[in-house]
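Right, one structure below, let's go through it.
Each reported figure results from applying straightforward, stated rules to the coordinates on display, with no laboratory input. Since the structure is predicted, the reported quantities are computational estimates derived from the model, not experimental observations. Don't worry about glycine lacking a Cβ; one is built from the backbone with ideal geometry, like all the others, and counts go over all protein chains shown.
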Amino acid sequence: MPAIHVSNLTKTFRTKHKAAGLGASLRSLVKPQYTTVEAVRGLSFEMESGELLGFIGPNGAGKSTTIKILTGILFPNAGDVQVLGYTPWKQRRQLAYSIGTVFGQRPQLWYHLPAIDTFTLFGKIYELDDLETKKRIAYLAEAFEIEDLLEIPVRKLSLGQRMRCEVAASLLHKPRLLLLDEPSIGLDVVAKQHIRDAIREMAAQENVGVLLTSHDAGDLEALCKRVIIINHGQIVYQDKVSVLKRSYLTWKLVEVRYAQQINPDFHVEGTKILKVSKDHYAVKLRFDTLQTPVENVMAHLSAAGTLLDITVSDPPLEEVIAAIYEKAERNE
Amino acid sequence: MNKYLAIFKINLLNSLAYPAEMATRSGMILIFMTVFFQLWHVTYGDSGTQVLNGLTLQNIMWYLLLAETIELGRPRLARVISEQVKDGSIAYLLNKPYNFLLYQLSIGMGESLPRMGLLFIVGGTLVWIMAGPPPQLQNWPLAAIPLVGAWLLHFCFNCLIGLAAFVAEEVAPFEWIYQKFVFILGGMLVPLDFYPVWLQAVAKSLPFAYMMYGPASLFVRPDLQLFVQIVSGQILWLAVLGGLLVLAFSRGMRRLAINGG
């Protein structure tokens with residue numbers, strides 16, 4: 001039995017629509033105008049138990065709405081959903097014992113209290129006995145390296161520290177499935193890496209399935225085996241991450257800042273210069289790793305002057321999606 | 001049951017996280033009680049009598065103390081729940097294995113208990129100094145039971161208004177109306193005994209009198225008949241409002257739209 005089975009899932013929201021100005025406000029009092037937004041449109045997919053599945057897409061693609069339906073918080077308009085054998089919106093409480101959730105943009109830890117208090121509370125809520133809770137907290141504290149953070153009021157933790165505590169808290173009751181909605185949002189590179197490592201290790205050790213939403217392609221590369229990309233509430237791509245990487249994530253963006261002005265006819269072989277700053281101190285370029293090895297580019301860049309700063313990043317997901325659309329159109 | 005006790009305890013801890021803030025807020029009752037005392041002192045002075053509508057100045061002050069303790073100490077859940085809907089944090093509260101309404105009940109108690117306790121002690125000390133000692137200790141249980149009933153009724157109203165945020169954009173106006181009804185028809189500023197008979201009848205046929213007047217009145221004027229009347233009224237209104245609450249929650253869940261993300 002798959003851990004998640006979704007077929008033809010549809011969810012629409014009705015939002016009040018109002019033009020600017022006093023007149024429009026008065027009109028909307030008498031006769032409100034509503035716009036229907038289709039957040040999820042006929043979505044179908046499956047996820048095996050223990051699988052690490054990336055669910056990505058730009059803002060407003062319908063990722064969070066889908067996760068909220070999977071946890072039973074939102075009622076869908078149409079479609080069939082089974083999560084670990086339960087229909088989420090009908091069996092929300094039974095399902096809750098077997099799933100863990102993290103909504104990266106919202107805190108679940110009690111803000112003014114030390115994280116250990118929330119952990120203990122969750123132990124009671126999930127009906128674990130006190131000894132079991134204690135052992136589990138000790139185990140998670142080690143896995144997420146939060147031993148020293150548990151006694152500090154949550155408001156005093158950094159975002160990265162807090163997120164590690166948040167994810168650890170969601171694993172307290174040994175869920176079979178972890179639903180992570182943007183767990184790395186707002187984190188710096190080091191904190192992101194930290195949290196990705198911990199999630200990957202825990203998932204492997206406890207055979208927890210992880211469904212992860214993100215709009216950061218890096219999360220996906222680090223954590224997931226398979227990926228579903230959605231946009232406007234529909235699936236635009238689903239395949240192994242390795243295939244996606246080979247076909248679409250081969251470009252890298254590089255931003256460099258030099259200590260002195262660079263040559264006006266600056267050029268690095270095998271790359272495309274996107275922008276040279278007006279003062280000629282900084283340059284932005286992109287290249288295809290399949291055609292130009294990273295080390296060649298780096299060698300060229302450092303030969304061109306004294307480097308002050310360098311950032312290498314993946315292309316933004318919007319570009320990946322655009323490329324997927326482009327390819328689909330070419331094939332039609 | 002254990003989990004609800006744990007929820008109650010964590011909010012109790014949370015309320016105690018900032019003792020200075022809580023103490024300052026409790027200070028409000030000193031201002032209110034001083035103003036009330038001045039007003040009623042003048043009223044009794046002008047009337048040239050010790051007893052008005054069966055109540056002495058001392059009675060009135062202890063009545064008002066209990067009424068103010070209920071009003072200032074009652075759960076502020078309407079605002080809390082509507083904020084949770086607006087900022088999306090409700091998602092975390094709905095995906096845990098507990099009854100959402102009992103969760104809110106436990107949260108409300110954890111918040112109210114220390115606050116009401118402190119308000120009563122701080123305000124009571126001042127009232128004792130200004131107007132004389134509190135009613136005899138053996139009267140207290142007669143007020144304590146309807147006090148719990150009153151609290152539960154406030155909880156129901158707050159939760160219903162909070163749940164309105166599942167469908168309405170803004171719940172502050174509902175809260176404003178509820179508060180004004182409690183002020184006037186609940187007998188918060190003036191005991192209902194001072195109202196014309198017809199208005200007393202109107203007030204007593206609505207739930208608000210059971211949320212303020214009932215326990216406050218029994219505190220200063222213990223009467224078994226009034227006790228039975230108040231408690232049975234509370235049970236009736238709790239059944240009505242509790243039923244509405246359960247219905248509103250199950251209906252509201254179907255229409256919930258969570259912001260953000």
Q) What residues have an amide H closer than 5 Å to that of residue A:87, excluding those fewer than 5 places away on the same chain, when H is modeled at 1.01 Å from N in the peptide plane? A) none
**Q.** J(HN,Hα) series, region A:250-258, from Karplus relation 6.51 cos²θ - 1.76 cosθ + 1.60, nearest Hz, glycine and proline x
**A.** 8, 7, 10, 9, 10, 10, 10, 10, 9
Q) With charges set only on the Cβ (+1 for Lys and Arg, -1 for Asp and Glu), what does the dipole of the protein assembly as shown come to about its Cα centre, in debye to the nearest 20? A) 1340 debye
Q. Mind checking the angle between helix B:57-73 and chain B's longest principal axis? C-alpha axes, 0 to 90 degrees, to the nearest 10.
A. 10 degrees
**Q.** For chain A, convex hull of alpha carbons as volume per residue, Å³
**A.** 214 Å³
Q: Summarise the long-distance tail of P(r) for region A:200-332 by giving the % of C-alpha pairs beyond 24 Å.
A: 44 percent
Q: With runs of 4+ DSSP H residues as the only contributors, calculate the mean residue ellipticity of chain A at 222 nm using -39,500 (n - 2.57) per run, divided by the residue total and rounded to the nearest 500.
A: -10500 deg cm²/dmol
**Q.** For region A:251-313, alpha-carbon Rg relative to the globular expectation (2.2 N^0.38 Å, N residues)
**A.** 1.00
Q. Under a 5 Å amide H to amide H cut-off, with H placed in plane at 1.01 Å, what residues pair with residue A:181 once short-range neighbours are removed?
A. A:102, A:103, A:104, A:213
**Q.** For A:1, B:130, order by how many other beta-carbon atoms lie within 10 Å, fewest first
**A.** A:1, B:130
Q. Once the mean 1/r over all distinct Cα pairs of region B:2-255 is inverted, what Kirkwood radius in angstroms do you read off?
A. 19.1 Å
Q) So how do A:89, A:251 line up by other beta-carbon neighbours within 10 Å, fewest first? A) A:251, A:89
Q: Output ³J(HN,Hα) for region B:151-164: one whole-Hz value per residue in order, computed from phi by the Karplus curve 6.51 cos²θ - 1.76 cosθ + 1.60 with θ = phi - 60°, and x for Gly and Pro.
A: 4, 5, 5, 4, 4, 4, 4, 4, 5, 4, 5, x, 5, 4
Q.
So if I place +1 on the C-beta of Lys and Arg and -1 on the C-beta of Asp and Glu, and nothing else carries charge, what would the dipole magnitude of chain B be about its Cα centre? I want it in debye, nearest 20.
A. 680 debye
Q. Once the Cα atoms of helix A:189-206 and of chain A are each reduced to a long axis, what angle between those two axes, in degrees from 0 to 90 to the nearest 10, is obtained?
A. 50 degrees
**Q.** Mean Cβ count within 10 Å, highest first, over the residues of peptides B:10-22, B:61-73, A:302-314, A:91-103
**A.** B:61-73, A:91-103, B:10-22, A:302-314
**Q.** Angle in degrees between helix B:100-131 and the longest Cα principal axis of chain B, rounded to the nearest 10
**A.** 20 degrees
**Q.** At 0.692 mPa s and 37 °C, Stokes diffusion of region A:33-178 via Kirkwood alpha-carbon radius, µm² per second
**A.** 194 µm²/s
(Q) Through the Karplus equation 6.51 cos²θ - 1.76 cosθ + 1.60, θ set to phi - 60°, convert the phi angles of region A:104-112 into ³J(HN,Hα) values in whole Hz; use x for Gly and Pro. (A) x, 8, 10, x, 10, 7, 5, 4, 8
Q: Neighbouring Cβ atoms within 10 Å as the yardstick, rank A:248, A:139, B:213, A:34 fewest first.
A: A:34, A:139, A:248, B:213
Q: Filter the cross-link list A:11/B:96; A:192/A:225; A:63/A:225; A:245/A:284 down to pairs whose alpha-carbon distance in this structure exceeds 20 Å.
A: A:11/B:96; A:245/A:284
Q: Work out the P(r) tail for the protein assembly as shown: percent of alpha carbon pairs separated by more than 31 Å, whole number.
A: 61 percent
Q. Considering chain B as a Gaussian network with a 10 Å cut-off on Cα pairs, which listed residue, B:165, B:201, B:248, attains the greatest mean-square fluctuation?
A. B:201
